[in-house]
Amino acid sequence: MNEKIKIGVVGCGEFSINFIRLFLKHPLVESVCVADNIPEKAKNFGEMFNVSYYDSFEKMLEADINAVAIFTPRHTHGPFVIKALQCGKNVYSAVPMASEITHCQEIVELVKKTGLVYMMGETCIYYPCSIFCKQKYESGEMGNFVYGEAQYHHDISHFSEHHRNDLKAIGVPPFFYPTHSLSMVLSATGSYATKVTAFGYNDVEDDPVFKKGVNIWDNTISNAFSLMRLANGGVIRINECRRIGAKAPSSYISAFYGTKGGYQFSNAQHIFNVSDCVNPIAMTENSDLPDFKQRVANHEWQWDSYAPIQDHRRLPKEYESLENGHMASHKFLIDDFCRAAYNHTLPTVNAWVAARYTIPGLVAFESVKRDGQPLDIPDCGEPPIE
Ligand SMILES: NC(=O)c1ccc[n+]([C@@H]2O[C@H](COP(=O)([O-])OP(=O)(O)OC[C@H]3O[C@@H](n4cnc5c(N)ncnc54)[C@H](O)[C@@H]3O)[C@@H](O)[C@H]2O)c1
């Protein structure tokens, strides 16, 4: 029997606010509660949204909920997801899936065993460039996949002060957060990475972010670059850069080539004459403004406004007045999770797919540490056919 979703959201930080609003308004959601290990944060969110609140994840798991959404720091995701699945809850988790390969594998096994829904909230598969490449590739117009390039550029100076001051966590190895760039090309090709070679840039700046003895990984690498071989014979170049003089966009496919056609990115104009379908509508409407290029370079119009290629008509009407985020992906994420948890179906980025978007980065970091040694990437296989 289909049961409405009673969701507990853990992590009352910067990112979860918008998603709590989306859960509260979703027609398949019956109730929402929140938790944070800083009691004032839990109380603040509880009062702001008028919902029950708890000062620990464990206490929230004992409440009357059938699903959890995890918005805590990255390195906590694996253990929290495993615990929630063991307690019989469906799980929505912010990216990445986990910081250890064994945790990714355990999550896949638990989902297989329990039949529960797990979805990783990967924003970038809903980005217009990903949808465009996927549609063109699947239609056969691009021919066989040859080569792709994607990157996630997020300079440390663009993080909030709260994150920059968290010196234990801010210096995380860039390849521990590989899902934005990997998911864009992998979702388009439908393939997965089998081998990687990677190099890192040892940070030289005069601050304590990427320094030994400061962050919990003793990591000194701020930028990392990889080449991966895919199971379909193609090759991708994936970069994860956190000390880089780039402002916007942060996550994007820069090139995607098949034997018959390709997609190339340039800031406000996509070669292949696709600007109108992949650019946010608000950007196209404002293209006559004198400071148009400046505004595009500053990432204006790329938060809330849909691009024509994103099919937002399928979203609940209750969402119309709510804020969106990350190239208008947030509403698709929560709608996809709620439908999957309610209908007991496989969500878009299910456990098997999430493992393919996460594990290659963890292996790439190992290759960085071994000065580019090519390494095989373990694969968890395909999800069961429904
Ligand atoms: N585009 C994207 O997909 C995207 C963008 C931003 C953030 N994120 C992800 O969202 C997550 C949260 O990011 P954020 O910016 O909100 O971080 P944040 O630091 O603002 O919030 C994290 C919250 O978790 C709480 N917390 C930490 N450890 C906890 C524990 N053991 N038990 C309970 N609560 C705990 C903290 O007190 C804090 O309130 C991160 O994993 C990040 O990777 C994804």
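In the range 354-368, is there at least one residue being part of a loop (DSSP other than H, G, I, E, B) and either farther than 25 Å from Ala193 by Cα or at pLDDT 95 or above (or both)? Looking through the range 354-368, none of the residues is part of a loop (DSSP other than H, G, I, E, B) and either farther than 25 Å from Ala193 by Cα or at pLDDT 95 or above (or both). Can you confirm whether the range 46-54 contains a residue that is of a type in the set (A, V, I, L, M), under 25 Å from Asp166 (Cβ atoms) and open to solvent by less than 50 Å² (accessible area, probe 1.4 Å)? Checked against the condition, which is being of a type in the set (A, V, I, L, M), under 25 Å from Asp166 (Cβ atoms) and open to solvent by less than 50 Å² (accessible area, probe 1.4 Å), the range 46-54 yields no hits at all.
As a summary of the residue check, Gly140 satisfies the conditions (1) out of contact with any Gly (no Cβ under 7 Å at 6 or more places or on another chain); (2) in a helix (DSSP H, G or I); (3) not β-branched (Val, Ile, Thr) except for the one numbered (2).
Among the candidates Ser191, Ser222, the residue that is away from the ligand (no atom under 16 Å from the Cβ) and either at positive phi or in a strand (DSSP E or B) (or both) is uniquely Ser222. Go through the residues of the range 316-323 one by one and say whether even a single one is within 16 Å of the ligand (Cβ to nearest atom), out of contact with any His (no Cβ under 7 Å at 6 or more places or on another chain) and open to solvent by 10 Å² or more (accessible area, probe 1.4 Å). Checked the range 316-323: at least one residue is within 16 Å of the ligand (Cβ to nearest atom), out of contact with any His (no Cβ under 7 Å at 6 or more places or on another chain) and open to solvent by 10 Å² or more (accessible area, probe 1.4 Å).
Every listed requirement among (1) more than 10 Å from the ligand (Cβ to nearest atom); (2) in a loop (DSSP other than H, G, I, E, B); (3) open to solvent by less than 50 Å² (accessible area, probe 1.4 Å) is met by Gly13 save one, (1).
For the range 135-142, check the following and say yes or no: at least one residue is surrounded by fewer than 18 Cβ atoms within 10 Å (Cβ to Cβ), more than 14 Å from the ligand (Cβ to nearest atom) and more than 15 Å from Gly258 (Cα to Cα). Scanning the range 135-142 turns up no residue that is surrounded by fewer than 18 Cβ atoms within 10 Å (Cβ to Cβ), more than 14 Å from the ligand (Cβ to nearest atom) and more than 15 Å from Gly258 (Cα to Cα).
Checking each residue in the range 187-219 for being aliphatic (A, V, I, L, M) and either buried (at least 17 other Cβ atoms within 10 Å of the Cβ) or farther than 25 Å from Gln373 by Cα (or both) picks out Ala188, Ala193, Val196, Ala198, Val209, Val214. Restricting attention to the range 337-364, the residues that are open to solvent by 20 Å² or more (accessible area, probe 1.4 Å) and within 18 Å of the chain's Cα centre (by Cα) add up to 4. Is there a residue being within 19 Å of Cys129 (Cα to Cα), part of a helix (DSSP H, G or I), open to solvent by 10 Å² or more (accessible area, probe 1.4 Å) and modelled with pLDDT under 90 anywhere in the range 248-269? For the range 248-269, residues within 19 Å of Cys129 (Cα to Cα), part of a helix (DSSP H, G or I), open to solvent by 10 Å² or more (accessible area, probe 1.4 Å) and modelled with pLDDT under 90: absent. The criterion of being basic (Lys, Arg) and crowded, with 19+ Cβ neighbours inside 10 Å does not hold for Lys83.
For the range 19-35, a residue qualifies if it is open to solvent by 20 Å² or more (accessible area, probe 1.4 Å) and not in a strand (DSSP E or B), and the qualifying residues are Arg21, Leu24, Lys25, Pro27, Leu28. If the condition is being open to solvent by 40 Å² or more (accessible area, probe 1.4 Å) and farther than 23 Å from Gly361 by Cα, then the range 143-156 contributes only Asn144. Is it the case that the range 299-306 has a residue that's open to solvent by 20 Å² or more (accessible area, probe 1.4 Å), modelled with pLDDT of 95 or more and of a type in the set (A, V, I, L, M, F, W, C)? No, because not a single residue in the range 299-306 is open to solvent by 20 Å² or more (accessible area, probe 1.4 Å), modelled with pLDDT of 95 or more and of a type in the set (A, V, I, L, M, F, W, C).
Looking only at residues in the range 225-247 that are in a strand (DSSP E or B) and charged (D, E, K, R), the one that is surrounded by the most Cβ atoms within 10 Å (Cβ to Cβ) is Glu240. Considering only the range 306-321, I want to know if a residue exists there that is farther than 22 Å from Leu227 by Cβ, free of Cβ contacts under 8 Å to residues at least 40 places away in the same chain and in contact with a Leu (Cβ under 7 Å, 6 or more places away or on another chain). Scanning the range 306-321 turns up no residue that is farther than 22 Å from Leu227 by Cβ, free of Cβ contacts under 8 Å to residues at least 40 places away in the same chain and in contact with a Leu (Cβ under 7 Å, 6 or more places away or on another chain).
The values are calculated or read from the model by the stated rules, or taken from the named source; none is laboratory data. The structure displayed is predicted, hence computed values, not measured ones. Positions of Cβ are generated from backbone atoms using ideal geometry, with glycine treated the same way; all protein chains shown enter the neighbour counts. Note: areas computed on protein heavy atoms with side chains; ligands, DNA, RNA excluded. Shrake-Rupley method; radii C 1.70, N 1.55, O 1.52, S 1.80 Å.
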